[in-house]
Amino acid sequence: MKIGIAGAGGLGSNVAMNLVRTGVLNLKIIDFDRIEESNLNRQFYFYDQIGITKVEALKENLIRINNNLRIEIINEKIEKTNIKKLFEDCDIVIEAFDKDIYKKLFFNTFYNKKKLLVSASGVAGNTIDNLEIKKIGNSFIVGDFQKGIDKHKTYSTKVSMVAAMMANIVLLEGGFCNED
């Protein structure tokens, strides 16, 4: 089973890290951005990786966790014209975008398709007691559904918590593990 992750920032890098640490070995990660110092407070990167493309650095970091990982990285911006092609070979797709326009594109493309879709809404701020999971068709959305990054600061604690919840949905719904 292949898991596709759209975006390798705070959510995407931490979802990937959580999945690899729990034994998931087949990932496809797509992003076009480079690491900046301002990313280090919430993303799974290190100071010496500033300036490197996020997909290259993330691959390096994930392979350090498990060198049996099969990971395909694509350094490309996801757009309406390429989104279906980029994720056609993925069984599960994870939306980890910053901007609402791309979140909507991803949701509209994969909602009620044969793929499991996991996304987030409301990951800014530092309040975690109101996080929830909503299921809509084949989709799961995690967050507080209120605090977007356009108006609120992001904190590692909340971003990490949402990413862990997203990874857990993939594990349970994707059949990677059974609840105890």
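Tabulated results
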item: Complete set of residues in the range 19-38 that are surrounded by fewer than 20 Cβ atoms within 10 Å (Cβ to Cβ) and assigned to a helix (DSSP H, G or I); result: 21, 37, 38
item: Where residue 109 falls short, out of the listed (1) polar (S, T, N, Q); (2) outside any helix (DSSP H, G or I); (3) under 17 Å from residue 138 (Cβ atoms); result: (2)
item: Positions within the range 1-60 being touching a Lys or Arg at 6+ places or on another chain (Cβ under 8 Å), closer than 15 Å to residue 170 by Cα, among the aliphatic types (A, V, I, L, M) and in contact (Cβ under 8 Å) with a residue 60 or more places away in the chain, in sequence order; result: 3, 5
item: Qualifying residue in the range 62-77 (condition: of a type in the set (Asp, Glu), surrounded by fewer than 17 Cβ atoms within 10 Å (Cβ to Cβ), part of a loop (DSSP other than H, G, I, E, B) and at pLDDT 95 or above); result: yes
item: Within the range 112-147, tally of residues that are among the acidic types (Asp, Glu) and either assigned to a strand (DSSP E or B) or touching a residue at least 12 places away in the same chain (Cβ under 8 Å) (or both); result: 2
item: Residue count for the range 95-138, restricted to those that are of a type in the set (Ser, Thr, Tyr), closer than 19 Å to residue 161 by Cα and surrounded by 16 or more Cβ atoms within 10 Å (Cβ to Cβ); result: 2
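The values are calculated or read from the model by the stated rules, or taken from the named source; none is laboratory data. Since we're looking at a predicted model, the values are computed, not measured. Neighbour counts run over all protein chains shown; Cβ positions are idealised from the backbone, glycine included.
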